[in-house]
1. Six or more apart or on different chains, Cβ atoms under 6 Å: show the pairs whose first residue is in the stretch 184-196 and in contact (Cβ under 8 Å) with a residue 12 or more places away in the chain and whose second is among the small types (Gly, Ala, Ser) and surrounded by 14 or more Cβ atoms within 10 Å (Cβ to Cβ).
2. Might you check whether a residue that is in a helix (DSSP H, G or I) and on the phi > 0 side of the Ramachandran plot occurs anywhere in the stretch 39-49?
3. Using the structure shown, decide if Gly381 is at positive phi, surrounded by fewer than 22 Cβ atoms within 10 Å (Cβ to Cβ) and modelled with pLDDT under 95.
4. Looking only at the stretch 211-242, filter to residues that are within 22 Å of Tyr319 (Cβ to Cβ) and in contact (Cβ under 8 Å) with a residue 40 or more places away in the chain; which one of those is surrounded by the fewest Cβ atoms within 10 Å (Cβ to Cβ)?
5. Considering only the stretch 154-198, state which residues are of a type in the set (Phe, Trp, Tyr) and under 30 Å from Phe142 (Cβ atoms).
6. Condition test on Ile309, is it under 24 Å from the mean Cα position of the chain (by Cα), more than 21 Å from Leu281 (Cβ to Cβ) and of a type in the set (Val, Ile, Thr)?
7. Condition (residue is within 30 Å of Arg224 (Cα to Cα) and not acidic (Asp, Glu)) applied to the stretch 316-327: is it met by at least one residue?
8. Looking only at helices (runs of 4 or more DSSP H) that fall completely inside the stretch 289-357, which ones have 3 or more residues that are in contact with a Pro (Cβ under 7 Å, 6 or more places away or on another chain) and crowded, with 17+ Cβ neighbours inside 10 Å?
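The values are calculated or read from the model by the stated rules, or taken from the named source; none is laboratory data. Not measured: the values here are computed from a predicted model. In this analysis, Cβ positions are derived from the backbone assuming ideal geometry, glycine residues included, and neighbour counts consider all displayed protein chains.
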Amino acid sequence: MTAQTLLKPTASTERISSMDIIRGVSLLGILLMNITGMGLFKAYSDPTNSGGATGLNLTVWWITNLFFEGTMRGMFSMLFGAGILLFIGGKSKYTEGSLVTDLYFRRLLWMLLFGVIHCYLLLWSGEILYAYSIVGMFAFSFRHLNPKRLIIAATVLFVIAATLNVKDDYQLHKTAATATAAKIKKSNGQTLTKLETKAIEKWDEKVKEDKPTPQRVQEEIKERTKGYFSIVMYRAPLNQVIESFYLYRYDIWDILAMMLLGMAFLKNGILKAAKSNRYYLTMALIGYAIGITTNYFETSYIQAHHFDILAFSRTSLTYDIGRVATTCGHIALIMLFAKSGWLPFLQKSLAAVGQMAFTNYIMHTIITDVIFLGFGFALFGKFQRYELYYIVFAIWIFQLIISPIWLKHYRFGPLEWLWRSLTYWKLQPMRRTATSSGVAAPNVEAHAVLR
């Protein structure tokens, strides 16, 4: 039997149940955060732009900022990093490294294509597949480092990201101060320098971008509720910026650092639920104490400064401290849940959602496209912020029910099957046989995050 023949997708008996549960939680949690970008304009961070910023809407904004901002994406990225090790390690025992490497990079290239389709044709600018495929190529080089060195490397990346944020915050405050002084000077009839004129232009453009007028919000709603091809062309320029500038300015530091942490957490057993309950309890308490405290002061600062642009910029300086610590708290809590054996039906459903993460992730986009955009029900901008979560909860319930039912009859989700077939250049068996095992088995080998 050839090495190529031996290379095959991970069987259901080779999965790590705890990782599937984390993946399921993070997949559902990503929708919790993405929904404001899907259904409202410029409301993800700033509730004053659309969707409401008082009462229940403000409460929802507070809850998501305190407990979820950046953490669901963080867990997903960590699992992808862990998945690199599992994907490669699970196949290197069969054959030489070059063939496994070819398989890994072929897998990422297909993911890149899926990401482009997801962004440009399925119209979700916040999609993560494209970024994962690019950053995953960089992460591959770190696979042999021990946990300590992986954590050090991740810390260096976080420091680089923080340094860039400090630079941006300093420049933004300087531009705002110069523009404000220049406007006063101009109102007094004095002649402005080129630097002052440029500062006014730059600041006004920033305000226009981050604080859209009600008229601009209505223009966006009108564009999003047109026909499909009109929306595709309208969104294309923004999508191009996100998959170029934003990738290398923001995503590469964020995602790569979390991938390396995921590798470290897999190697030291955290993601396998291999640590003691005391370890996870301590990890949760420390993570939440640091993370939620940081998030609280950031959120309070933003509200106290009336959601000012400069306030959002200033809180970016401590953003990673809050989100990484809170993410570690979430992981520890989920591991305690996975080890407890409590609510086995929920654990099974979450694991199934995680096992079908690719399909369920794209399903989020398709469902919300139909709800919000013009070729569907055209409800973009029609809901208050808190009302969007009724949609989220309905999708959660649907996926928690349908995922285990699907996996009872089929080995993979539909898109997982397509991705595997393309990766291995061979159609994979889809239906379960009479001897096929269940959704997931605990504490054994698995592979990549969007399996």
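1. Glu196/Ala182
2. Looking for residues that are in a helix (DSSP H, G or I) and on the phi > 0 side of the Ramachandran plot, one finds none in the stretch 39-49, hence no.
3. Considered against the rule, which asks whether it is at positive phi, surrounded by fewer than 22 Cβ atoms within 10 Å (Cβ to Cβ) and modelled with pLDDT under 95, Gly381 comes out as no.
4. Our first condition is that a residue be within 22 Å of Tyr319 (Cβ to Cβ); within the stretch 211-242, this holds for 211, 241-242.
Within this subset, residues satisfying the condition of being in contact (Cβ under 8 Å) with a residue 40 or more places away in the chain are 211, 242.
Numbers: Lys211: 15, Ile242: 19.
Only one residue fits best here, namely Lys211.
5. Phe158
6. Answer is yes for this residue.
7. Yes: the stretch 316-327 contains one or more residues that are within 30 Å of Arg224 (Cα to Cα) and not acidic (Asp, Glu).
8. Filter on the stretch 289-357 gives 344-355.
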